[in-house]
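Student: Dumping the structure here so I can ask a few things about it.
No lab work stands behind these numbers, since they all come straight from the coordinates. All figures in this text were calculated on a predicted structure; none of them were measured in a lab. Cβ sites come from the backbone with ideal geometry, for glycine too, and all protein chains shown count toward neighbours.
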């Protein structure tokens, strides 16, 4: 009989966490019929402040359903993947599916030999694969919904704590600087090289937030990687498209639907999210590289999304 590996145990915990989340979501409220004002709102014919309460409620429920079906764009994952480096503790939490900035974790102290004396315990957290925050509390009572499914916050935290324990045990047993910062890709490659299947890496690669395929060789330390991959200078006449990353993000959130993506970008423009400036009758104004304001209309957005989906990697079947 073959011994059970850390990677196999980790995969079983991930599967159990997904099953628990799917069971809980069966009790979520189903989105009702779309109010007639929604199409007018998305076409820019009516302002959000002028919508009636039923329409606003429907839009909020629709957004919640979108987030539930594709939670990663709404989590802290995209923000963390754009950081230059991670600390090992933050990396281990992210690999375990937990947002470091929204987690309370007990990290065991070290003994005189420099080894941990206990297991890390997640006291409260926001999970990357779920839109809900979980808190360390006694099991909640049975759901008031018809199926009566009971779901346990403490149990979900225990699952993530066990995942974190496996990763931390392997990381801190390595013959390397266990406290050194590294780029996100380094930690992902470290985990994948050891057989750990991280929940969110497929989504991150599909959306251009994580480079390349799973590694076939050991990841290089950051100092060596910097020498091996010296930055290339761009031609002086080459200008970056500051709007492209924002469109990719909005399109991923909106399921690559032009109307939904335009509505989300319009909301971001009202919030003055860079490089967006505002909204006019002609479309969404934005600025690129300090030049005069430009305008994005639905036709131009549709073409950009077509290009994005054409380049978007396709997942492996099965």
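Student: Which FRET efficiency value, to the nearest 0.05, do you get for residue 23 and residue 102 by plugging their Cβ-Cβ distance into 1/(1 + (r/R0)^6) with R0 = 30 Å?
Tutor: 0.80
Student: What FRET efficiency comes out for the pair residue 277/residue 54, r = Cβ-Cβ distance, R0 = 30 Å, nearest 0.05?
Tutor: Computed FRET efficiency for residue 277 and residue 54 comes out at 0.40.
Student: Given R₀ = 45 Å, what would the calculated FRET efficiency be for residue 180 paired with residue 46, taking r from the Cβ atoms and rounding to 0.05?
Tutor: About 0.25, to the nearest 0.05.
Student: Using per-residue counts of other Cβ atoms within 10 Å, averaged over each peptide, order 8-15, 274-281, 189-196, 48-55 from highest down.
Tutor: The densest-packed peptide leads the list: 189-196, 8-15, 274-281, 48-55.
Student: What's the extension gain from residue 82 to residue 244 if we count 0.36 nm per residue and subtract their Cα-Cα distance?
Tutor: Here the segment from residue 82 to residue 244 would lengthen by 56.8 nm.
Student: Take the alpha carbon gyration tensor of the stretch 244-311, find the square roots of its eigenvalues, order them as a ≥ b ≥ c, and report rounded if a/c is under 1.5; if not, report prolate when a/b exceeds b/c, else oblate.
Tutor: prolate
Student: According to a simple spin-label model (label point 7 Å from Cα along Cα-to-Cβ), what is the distance in nm between residue 69 and residue 7?
Tutor: 3.4
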